[in-house]
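Participant: Have a look at this one before I ask anything.
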Amino acid sequence: MKEKSIKDLPGVGAATAEKLAAAGYDDLLSIAVGSPGQMVEAAGVSEAVARKMIQAARDEMDMGFESGEDLLKKRSKVQKITTGSAALNALLGGGFETGSISEAFGQYGSGKTQIAHILAVRSQLPVDKGGCEGEVVYIDTEGTFRPERIIQIAQGLKMDSNKVLKNIKVARAYNSDHQMLLAEKVEDLIKNNKSKVKLVIVDSLTAHFRAEFIGRGTLAERQQKLNRHMHTLTKLADLYNLTVYVTNQVMSKPDMFFGDPTEAIGGHIVAHNSVFRIYLRKGKKGSRVAKLVDSPSLPDGECGFFVTETGLKDLKE
């Protein structure tokens, strides 16, 4: 790849480059994966100029087709964050995968937020112990993050709880726009602050969207915003090889007479953007049941586990 800056792109002068950089488009890769609409909004250029810029950036980056062999080499960089439950790890093919979005949905008390706290700690373990040795960004939309729970889990794993807490960057999102902005700020943390972020948690993904967009008349706008948010998270996961774990609420379908009437919020937008989808529910004797309902490479299946003070525990332990 030739060493070129965004100023070398057609239609980009000093003033345009400054506007692009201010909006977060400060290298060729960020422009190459952007859309004309985003460039028009960020730099105030015409759509024709935006398309030329993107095309030139893609040519420089050699963003054409790749062979399956090249992709297999890329896949070798994928890491797994283990959960503490051998059964859940096996269901997920070794743990929560970097480079993709994993979505957990279920009713209240099904264990979604518990898994978020456990991943926030376990992702900081060394690679040989099932972690990524990275920092964590926790976008909290419902006020459910508890540092005391992090300390409990860290102590159970014989980790320095103060160090673990320092490595978790928590932000409370107060509405859907704030939530989307926080997701976009993660890239700044990685680029400008040189943070080694390996896990981004959004708990919960749909709470604000569900509260702000009420009625069928607002559905199209809600889904567009949600789609943009999911694309930001997908881009983060792909570009920086990090795990994105999102929790999702459910709704009940009263017209359904057979089977489980619960369905995840967000419709096809969330479903198509999530690479792994896990349905969590309460089981017998205080246990939790995880069902893998969607994955590109793993078979559907389910497993049970207990949520304990120090993390997850298998049923047979």
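Participant: How many residues are among the aliphatic types (A, V, I, L, M) and under 30 Å from G130 (Cβ atoms) if we restrict to the stretch 204-255?
Facilitator: Of the residues in the stretch 204-255, the ones among the aliphatic types (A, V, I, L, M) are 205, 207, 211, 214, 219-220, 226, 230, 233, 236-237, 239, 242, 244, 246, 250-251.
If we keep only those that are under 30 Å from G130 (Cβ atoms) too, we end up with 205, 207, 230, 233, 236-237, 239, 242, 244, 246, 250.
Of the residues in the stretch 204-255, 11 are among the aliphatic types (A, V, I, L, M) and under 30 Å from G130 (Cβ atoms).
Participant: Then there is this: Scan the stretch 107-134 for residues that are assigned to a loop (DSSP other than H, G, I, E, B) and under 20 Å from K194 (Cα atoms) and report the count. Give the steps one after another, and end with the answer.
Facilitator: Going through the stretch 107-134, the residues assigned to a loop (DSSP other than H, G, I, E, B) turn out to be 107-111, 123-126, 130-134.
From what's left, under 20 Å from K194 (Cα atoms): 123-126, 131-134.
Total satisfying the criteria: 8.
Participant: Testing K169 on (1) part of a helix (DSSP H, G or I); (2) at pLDDT 95 or above; (3) surrounded by 15 or more Cβ atoms within 10 Å (Cβ to Cβ), one condition comes back false. Which one is that?
Facilitator: Going through (1) part of a helix (DSSP H, G or I); (2) at pLDDT 95 or above; (3) surrounded by 15 or more Cβ atoms within 10 Å (Cβ to Cβ) one by one, K169 breaks only (1).
Participant: Report whether or not E103 is touching a Phe, Trp or Tyr at 6+ places or on another chain (Cβ under 8 Å) and either in the same structural domain as I31 (by TED's automatic domain parsing) or acidic (D, E) (or both).
Facilitator: On the way: touching a Phe, Trp or Tyr at 6+ places or on another chain (Cβ under 8 Å): yes; either in the same structural domain as I31 (by TED's automatic domain parsing) or acidic (D, E) (or both): yes.
So E103 passes the test.
Participant: I've got another one for you. Count, please, the residues in the stretch 202-224 that happen to be under 21 Å from A104 (Cα atoms), in contact with a helix residue (DSSP H, G or I) (Cβ under 8 Å, 6 or more places away or on another chain) and not hydrophobic (A, V, I, L, M, F, W, C).
Facilitator: 6
Participant: Do the conditions hold for I201, that is, is it assigned to a loop (DSSP other than H, G, I, E, B) and of a type outside the set (S, T, N, Q)? Let's see the steps before the verdict.
Facilitator: Values: assigned to a loop (DSSP other than H, G, I, E, B): no; of a type outside the set (S, T, N, Q): yes.
No, not satisfied.
Participant: On the given criteria, is S123 at pLDDT below 95 and among the polar types (S, T, N, Q)?
Facilitator: Details: at pLDDT below 95: no; among the polar types (S, T, N, Q): yes.
Judged against the criteria, S123 is not a match.
Participant: Shifting gears a bit: Would you please list the contacts, defined by Cβ atoms under 9 Å and residues six or more apart or on different chains, that run from a residue in the stretch 236-248 that is under 16 Å from L29 (Cβ atoms) and at pLDDT 90 or above to a residue that is of a type in the set (S, T, Y) and in a strand (DSSP E or B)?
Facilitator: A237/T243
The values are calculated or read from the model by the stated rules, or taken from the named source; none is laboratory data. Here the structure is a predicted model, which is why all the values come from computation and not from measurement. Cβ: placed from backbone, ideal geometry, glycine included. Neighbour counts: every protein chain shown.
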